[in-house]
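What follows is a single structure, written as structure tokens, with notes after it.
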Amino acid sequence: MSALSAVPLGARDAVLKFYFGPMDCGKSTLALQMNYNHGRQGRRGLVLTKHDRSGGPQVTSRIGLGLEAIEVVDALDLTELVLSHDRIDYVICDEACFYTVEQIEQLADLVDVHGVDVYAFGLASDFRSVMFPAAQRLFELADEVSRLQVEVLCWCGRPGQLNARVVGEVMARTGEQVVIGDTDASAVRYQVLCRRHHRAGDLGAAELAHATL
Ligand SMILES: [Zn+2]
């Protein structure tokens, strides 16, 4: 025991961290890198995801890395899932914005009750710039929240902050909170914009963008 606190020396509290940013800011790449680093230290982890861009139960990143992962469905109890494995030191949660609020509570239990480190990655807000319920809960509960600001830029060159949903080349303001886009079968695509152009609904000059191809 330290003289100053009742916490036994050497006992490190597990942590709940949330890394957020717009799409394509490198969240999944960082999630995979973090899993690799922890694994190299002999720690055992699980990787979870939901609605990955690959459409399958894996975490894939734009730059081509990939890893098998457990697909999180709404009914999955994340505490039970982790405890059903032998010894888990950490959990990587990709696309955590799409989890249920209850599942975020389960992640906090894993940290506080079971000493498992949780690293969550995801979008903060939806296409309307309204926060996802799971992301909001992560903001409220996490020990540490970090905004990832990697190379993604708005068409104007400002830092990309918000995701716009584009349907038929028009920016949508209403609709379901989660619609999978950017697949061949979908008429929906997403575009990262700066705050000013998200608020203005300005997708930039499409002719200009095509002219540079
Ligand atoms: Zn802009």
Problem - Any hit, region 138-151, residues being within 16 Å of the ligand (Cβ to nearest atom) and modelled with pLDDT under 95 - result: yes
Handout entry: Search result, residues across region 187-201 that are surrounded by 11 or more Cβ atoms within 10 Å (Cβ to Cβ) and either within 16 Å of the ligand (Cβ to nearest atom) or more than 23 Å from Phe121 (Cβ to Cβ) (or both)
Key = Tyr190, Gln191, Val192, Leu193, Cys194, Arg195, Arg196, His197, His198, Arg199, Ala200, Gly201
Handout entry: Residue check for Asp202: in contact with a strand residue (DSSP E or B) (Cβ under 8 Å, 6 or more places away or on another chain), at pLDDT 85 or above and assigned to a loop (DSSP other than H, G, I, E, B)
Key = yes
Problem - Test: residue in region 180-189 that is in contact with a Phe, Trp or Tyr (Cβ under 7 Å, 6 or more places away or on another chain), at pLDDT below 95 and within 30 Å of Lys17 (Cα to Cα) - result: yes
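Return yes when Val72 is more than 24 Å from Val152 (Cα to Cα), surrounded by 19 or more Cβ atoms within 10 Å (Cβ to Cβ) and not polar (S, T, N, Q) and no when it is not.
Yes, satisfied.
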Handout entry: Residue in region 13-52 that is surrounded by the fewest Cβ atoms within 10 Å (Cβ to Cβ), counting only those that are modelled with pLDDT under 85 and either touching a helix residue (DSSP H, G or I) at 6+ places or on another chain (Cβ under 8 Å) or among the aliphatic types (A, V, I, L, M) (or both)
Key = His51
Practice task
Would you mention how many residues in region 157-183 are within 16 Å of the ligand (Cβ to nearest atom), surrounded by 13 or more Cβ atoms within 10 Å (Cβ to Cβ) and of a type outside the set (Lys, Arg)?
Solution key: 8
Fill in the blank from the handout: Residue pairs within 7 Å by beta carbon, gap of at least six or interchain, first lying in region 153-164 and hydrophobic (A, V, I, L, M, F, W, C), second near the ligand (Cβ under 7 Å from one of its atoms) and part of a strand (DSSP E or B), listed first then second, are Cys154/Leu193; Leu162/Leu193; Ala164/Leu193
Fill in the blank from the handout: When restricted to Leu162, Leu141, the only residue aliphatic (A, V, I, L, M) and farther than 23 Å from Ser54 by Cα is Leu141
Completion exercise
Of the residues in region 111-148, those that are β-branched (Val, Ile, Thr) and closer than 21 Å to Leu83 by Cα number 4
Practice task
Kindly provide the set of residues from region 17-74 that are of a type in the set (Phe, Trp, Tyr) and more than 26 Å from Leu162 (Cβ to Cβ), ordered by number.
Solution key: Tyr36
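The values are calculated or read from the model by the stated rules, or taken from the named source; none is laboratory data. Computed from a predicted model, the values in this text were never measured in an experiment. Because the Cβ atoms are built from the backbone with ideal geometry, glycine has one as well, and the counts that use them run over all protein chains shown.
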